[in-house]
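Worksheet for the structure shown next.
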Amino acid sequence: MLKKFNFDEIKVDRMFITGIKEDTYDYILISNIIEFAKANSIRVCCEGVESENELKVLSKLNPNCYQGYLFSKPCKVEEFEESYINKDSNLYQDKLKTLSQLNQKKLESMIQVSFK
């Protein structure tokens, strides 16, 4: 059945992400999905990431991208432009700082994993 479809990205629904912990059914399932996708040159996006802990756990699985309220809630066009396009705006600088902090925490969790 999958052979009939030509897709380039799999989005993992929030219901699998909520409260995810290592060594649980959802963690193992997502790990298998990511492994399958990478073996077939398919990107994986984890949807609904709302907490730093969810990001930390998912970062160990190394999906291609994340999506969720942790990064940004839905917003109007003007706010989007101020947050992501207008480099001179305060919102852009705040978003850059927040994303940098999240990336640092993600890197720290990956370093901890490699030393275990």
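The values are calculated or read from the model by the stated rules, or taken from the named source; none is laboratory data. Worth saying up front: this structure is predicted, and the values here are computed from it rather than measured. Heads up, the Cβs are rebuilt from the backbone with ideal geometry, glycines too, and the neighbour counts pull from every protein chain shown. We work out accessible area using only protein heavy atoms, side chains counted, and drop any ligands, DNA or RNA first. Shrake-Rupley method; radii C 1.70, N 1.55, O 1.52, S 1.80 Å.
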Exercise. Residue by residue through the stretch 31-54, note down the ones that are of a type outside the set (D, E, K, R) and touching a helix residue (DSSP H, G or I) at 6+ places or on another chain (Cβ under 6 Å).
Key: Val44, Cys46, Gly48, Val49
Quiz item: Does the stretch 41-94 hold any residues that are in contact with an Asp or Glu (Cβ under 9 Å, 6 or more places away or on another chain) and in a helix (DSSP H, G or I), and which are they?
Solution: Lys56, Val57, Ser83, Asn90, Leu91, Tyr92
Quiz item: Of (1) under 15 Å from the mean Cα position of the chain (by Cα); (2) more than 25 Å from Gln101 (Cβ to Cβ), Val44 satisfies all except one. Which?
Solution: (2)
Quiz item: Residues in the stretch 68-101 that are under 14 Å from Glu47 (Cβ atoms) and open to solvent by less than 80 Å² (accessible area, probe 1.4 Å): how many?
Solution: 4
Exercise. Output the number of residues of the stretch 8-23 satisfying the condition of being over 16 Å from Cys65 (Cα atoms) and exposed (fewer than 13 other Cβ atoms within 10 Å of the Cβ).
Key: 5
Quiz item: Of the residues that make up the stretch 44-54, is at least one polar (S, T, N, Q), modelled with pLDDT under 95 and loosely packed, with under 11 Cβ neighbours inside 10 Å?
Solution: no
Quiz prompt | Subset of the stretch 9-40 that is outside any helix (DSSP H, G or I) and over 14 Å from Pro63 (Cβ atoms) - its residue that is nearest to the chain's Cα centre (by Cα) | solution = Thr18
Self-check item: Residue count for the stretch 60-101, restricted to those that are within 11 Å of the chain's Cα centre (by Cα) and at pLDDT below 90
Solution: 1
Practice problem: Could you list, in sequence order, all residues of the stretch 24-36 that are surrounded by fewer than 14 Cβ atoms within 10 Å (Cβ to Cβ) and of a type in the set (D, E, K, R)? | Solution: Glu35
Quiz item: What about Gly19, is it modelled with pLDDT of 95 or more and among the small types (Gly, Ala, Ser)?
Solution: no
Quiz item: Going through the stretch 65-88 one residue at a time, which ones are among the polar types (S, T, N, Q) and in contact with a Lys or Arg (Cβ under 9 Å, 6 or more places away or on another chain)?
Solution: Gln67, Ser72, Ser83
